[in-house]
Amino acid sequence: MDSYLDDSKFADKVVVVTGSGTGIGQAIAKRFAENGATIILLGRRKEPLEQTRAELEKIVASTGSKGKIRIFPGVDVSDEIAITNMFSTISKEIGPVDILVNNAGVSGPVKLFTNSNFAEFKECVMIHLTGTFWTTLKSIENMRKDSKVITISTFFTEENKYEQRPYRFRTPYTSAQGAKNRLAEAFAWELVPDGIRSIATNPGPVHSDRIYKTVYPKAAAEFLRIGGFPGLSSIEIEKILQRLLNILGEDQTVIDKEMDMILQDVFSERIKTQDDKTKLTSTLRELLSKTQEIAEKIQLNTKKMIVDKEFLSQDQVAEMVLNLSSEKMSKLLNGRVIPNDRVFYPTRPIIGTYIHQKDMDISDKVIVLIINSSAEKDLKRAKIIANSLVNKIKQLVILTKDSKDLSYYKEYHSHSVNLSNEDAVKRIFRVISEKFSAIDAVVLLTGEHDYEVALRSLDRKQWDHLVEDYLFVPAMITRESVIRMAPEGAVSEPSLFKGSTGSIIIVGPDSPVGDKISGVVRARSEIFRGALRPFNATVNQELRDVIKSNIRQYLLLAGNIEGREPDEEKITNMILNIIVQSDGGNNQTIFYVDES
């Protein structure tokens, strides 16, 4: 493959590639080895890393380079201690790192967000987003001028601030990737004084086992769980396919053995005769066949949106990374998110600045107002919103993250709750819905962090708090709200979501305020806004197109490019207007309320 590189450029370079035991990471490592670099491989599993090291050592020997190969098995990029210790060892035993390639990733749960396990949601975000943040932070401590950070992200999430690409069944993945794009940009701004460059690249669909054996089959399984299959309940479909997809591609004897075990474990009460067993066996085979058929259709539909109908190869992605790591290209593209993805993906326009006002009676509504901040600005904003609602609706319930803030809302029905505790959130939502018969709308104020604080100055605890406040809490509140707005049992029987109504409104984080806002401050302010935009787009596509509900999640991003203070009256009026849009008919769900 042709390259814009002088092969000798990497002969004395030290390159760290995360998630490099298999797939794209392995392909990237090979390309750098071919160009004489010393390669550091890391990943969770030892065996694939050792196999990759053996392959790279053959490449090094055949090229006659002085490059060395070092592996760090058992290192998960989300593990603070493992990453910190690894870079300490690299600094002592190998020397400065010249190029970091943030490649490690997982598919994450491929499920309707209401059906997803929140621990899986967190794990996906921790690997993709927090892993990228912490690995970059530790790497730059051991970098010199003209070093590069290359981050593999995806364009199947956020085209830019004004065009969103939903990726159904992938809410944690899209959220993490959207934030990761913005994180790469913010690091580029921060690292200019050090002469270190940061670039992200979005490969889009790539030929890999992960996409063929995991993502597409799991998406197909979720379509069947939601849409149904003759003779099986949604719960049965889920149990069956969770097990069968794990052995997809195995010999038929292995599949048949697993089917026999499924019949015993899942259908023992339904099997009375041999005929019952024969019919159920036939149903399982038909279900698996249908799953494979849908998975292939998803793949084909994606290919149809590519100009030459071909996914990229792993070698092509590796070539892109190699070129971006060159001195000339990295100077030219520093701070950019480079689209390697060629998918022409049609999207609905979902972003606006205002919503048409409707005069409707909301006196029967139960509204929950949640304040995930103790900042004076956010307490005052919540009070303004509460005052505008309390005399217009049936019941207002205020939830604060800190019990000390309850005194601020003593004239209202208010409680404090640990918003980071999933069980506590579930419990308070259950109590509210049982006491007042329904929850019609939920408003969450995220607050905002100090954008003047440099990313590189954050310790791990501070970063984890940011991810918790601006991604995990909004995601958890959204999920529990939707579940409580739908009929009981909708999680296990998705058809019950159809026609259900309600609004979840996430307010914040705001744009930075001030007369002269620097580029680095603007870049930092976009990281978690960049997580919530694709989250909103994906959640609403699932709510609207997949489960046919009229529940919507809205994202209100206050502030403006001029740096003026947000208009609290506009925010309040927007919330009121959204609450009366109970039929889910409005397609716009992200609002820049101060840009109108």
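The values are calculated or read from the model by the stated rules, or taken from the named source; none is laboratory data. It should be emphasised that the depicted structure is a prediction, and the values quoted were computed from it without experimental measurement. Cβ sites come from the backbone with ideal geometry, for glycine too, and all protein chains shown count toward neighbours.
Observations
- Residues that are within 16 Å of ALA176 (Cβ to Cβ) and of a type outside the set (Asp, Glu), drawn from the stretch 462-478: TRP463, LEU466, VAL467, TYR470, LEU471, PHE472, VAL473, PRO474, ALA475, MET476, THR478
- Selection from the stretch 250-268 of residues that are surrounded by 11 or more Cβ atoms within 10 Å (Cβ to Cβ) and outside any helix (DSSP H, G or I): GLU250, PHE267
- Among the criteria (1) within 30 Å of ALA490 (Cα to Cα); (2) crowded, with 22+ Cβ neighbours inside 10 Å, the one LEU183 does not fulfil is (1).
- Residues of the stretch 549-587 classified as part of a loop (DSSP other than H, G, I, E, B), touching a Lys or Arg at 6+ places or on another chain (Cβ under 9 Å) and not hydroxyl-bearing (Ser, Thr, Tyr), total: 9
- When restricted to residues that are of a type outside the set (Lys, Arg) and farther than 23 Å from ASP450 by Cβ, the stretch 347-384 contains 20.
- Residues in the stretch 259-282 that are among the aromatic types (Phe, Trp, Tyr) and over 40 Å from the mean Cα position of the chain (by Cα): there are none.
Rundown of residues vs (1) more than 21 Å from LYS218 (Cβ to Cβ); (2) in contact with a Leu (Cβ under 9 Å, 6 or more places away or on another chain); (3) surrounded by 19 or more Cβ atoms within 10 Å (Cβ to Cβ), yes/no style:
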position: ARG270; (1), (2), (3): yes, yes, no
position: LYS297; (1), (2), (3): no, no, no
position: LYS303; (1), (2), (3): no, no, no
position: VAL321; (1), (2), (3): yes, no, yes
position: GLU327; (1), (2), (3): yes, no, no
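- Selected residue (criterion: surrounded by the fewest Cβ atoms within 10 Å (Cβ to Cβ)) from residues of the stretch 425-455 that are β-branched (Val, Ile, Thr) and in a loop (DSSP other than H, G, I, E, B): VAL453
- Top-ranked residue in the stretch 188-211 [being in contact with a Gly (Cβ under 9 Å, 6 or more places away or on another chain) and in a helix (DSSP H, G or I); ranked as surrounded by the fewest Cβ atoms within 10 Å (Cβ to Cβ)]: ASP209
- Those residues of the stretch 366-377 which are modelled with pLDDT under 95 and not hydroxyl-bearing (Ser, Thr, Tyr), in sequence order: ALA375, GLU376, LYS377
- Boolean, ILE385 is surrounded by 20 or more Cβ atoms within 10 Å (Cβ to Cβ), at pLDDT below 95 and of a type in the set (Val, Ile, Thr): no
- Verdict on GLY335 being loosely packed, with under 13 Cβ neighbours inside 10 Å, outside any helix (DSSP H, G or I) and touching a residue at least 24 places away in the same chain (Cβ under 8 Å): no
- The one condition in (1) assigned by TED's automatic domain parsing to the domain that holds LEU332; (2) at pLDDT below 95; (3) over 22 Å from SER91 (Cβ atoms) that MET1 fails to fulfil: (1)
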